[in-house]
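Since every read-out is calculated from the coordinates, none of them should be taken as a lab result. If you're wondering where the values come from, they're calculated on a predicted model, not measured in any experiment. Please note: Cβ atoms are built from the backbone with ideal geometry, for glycine as well, and neighbour counts cover all protein chains shown.
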Ligand SMILES: Nc1ncnc2c1ncn2[C@@H]1O[C@H](COP(=O)(O)OP(=O)(O)OP(=O)(O)O)[C@@H](O)[C@H]1O
Ligand code: SF4
Ligand SMILES: [Mg+2]
């Protein structure tokens, strides 16, 4: 994809959390996002997958600077909004209009004391989007209708809605400011299976209609495979592989992705036959004291001595299929 189509350019992004330790270690550092570099193209859906705790939410929130990065750089539509080396940290209010987030747990993300109209209207007020009360209430009705609710819902409180409807309210709130980029942080995982596809279809329709770009976070590849143009796989704060969606599904090259894909049932016997079955053993190590070298070496079926010492480089192995693994360099 062409350079000018990049909406976001993220380089060496780190987000470390300092937490209180136990015993004589009174301070510890959680390396939640550790040196992530990725481009996100205008109008695409980039899926982001990985086990619980690998840093997906932290990466999504750090990209839009809901969390202040520890270091690295973020360029939004050609403009550096954060660069630790050049001491750039742009004021985010104008960018909040362009970059929004839909949260994993809709009920926790909506203030129970505010009506739906107030929740959606608050975003309009912060960014002074409407010039009159009439325009404001018309805009709120429009937004509620865009997500499959209606204007009568605006006087009700979040607890009066189902989980799926609450997520629709969260989506209306994100859309209120006419954003360009939305981090969809597992927007359907808290919802009943029967309504998950309705919400996904709605997000896809809104994307087409409004020309939105999504970072779509999910636990597993099967959720994002159909809706993503590309998919990134995270492991313990690192991005280990990115590729076009079908390419990643058909031809995963990183051992961790291969283990994830082994768990996904595939209807095509040719692909099943071509694919090695790998079982992922053990738990994800702690991001407080992650393994040296390649962080996956403690669980990787192909680990060699070198993997314990050297961090593998994240390289393009053809057609934008990136991965970080020493085996691939041979
Ligand atoms: N505010 C915080 N303070 C300290 N540690 C944090 C904070 N937020 C996240 N972490 C830690 O950072 C790591 C990554 O967490 P994160 O929530 O980004 O993972 P995730 O991939 O989104 O997981 P899940 O799939 O369960 O949502 C975890 O070890 C988590 O405990
Ligand atoms: S670098 Fe080594 S440990 Fe890491 S994924 Fe590749 S083979 Fe496995
Ligand atoms: Mg998360």
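Assorted remarks:
- Measure of compaction for segment 1-101 (Cα Rg per 2.2 N^0.38 Å): 1.17
- Three semi-axes describe the equivalent ellipsoid of segment 161-216; taken as square roots of 5 times the Cα gyration tensor eigenvalues and ordered largest first, they are 19, 12, 10 Å.
- Sequence ranges 41-52, 206-217, ranked by mean other-Cβ count within 10 angstrom, highest first: 41-52, 206-217
- Segment 157-225-segment 64-79 distance, computed between alpha-carbon centres (Å): 23 Å
- Here the sum of -39500 (n - 2.57) over DSSP H runs of 4 or more residues, divided by the residues of the chain, equals -8500 deg cm²/dmol at 222 nm, to the nearest 500.
- Computed packing ranks the peptides 309-317, 29-37 as 29-37, 309-317, most packed first, by mean other Cβ atoms within 10 Å.
- For the chain, diffusion coefficient by Stokes-Einstein and Kirkwood Rh (Cα), 37 °C, 0.692 mPa s, µm²/s: 155 µm²/s
- DSSP bridge orientation in the chain - percent antiparallel, rounded to nearest 5: 65 percent
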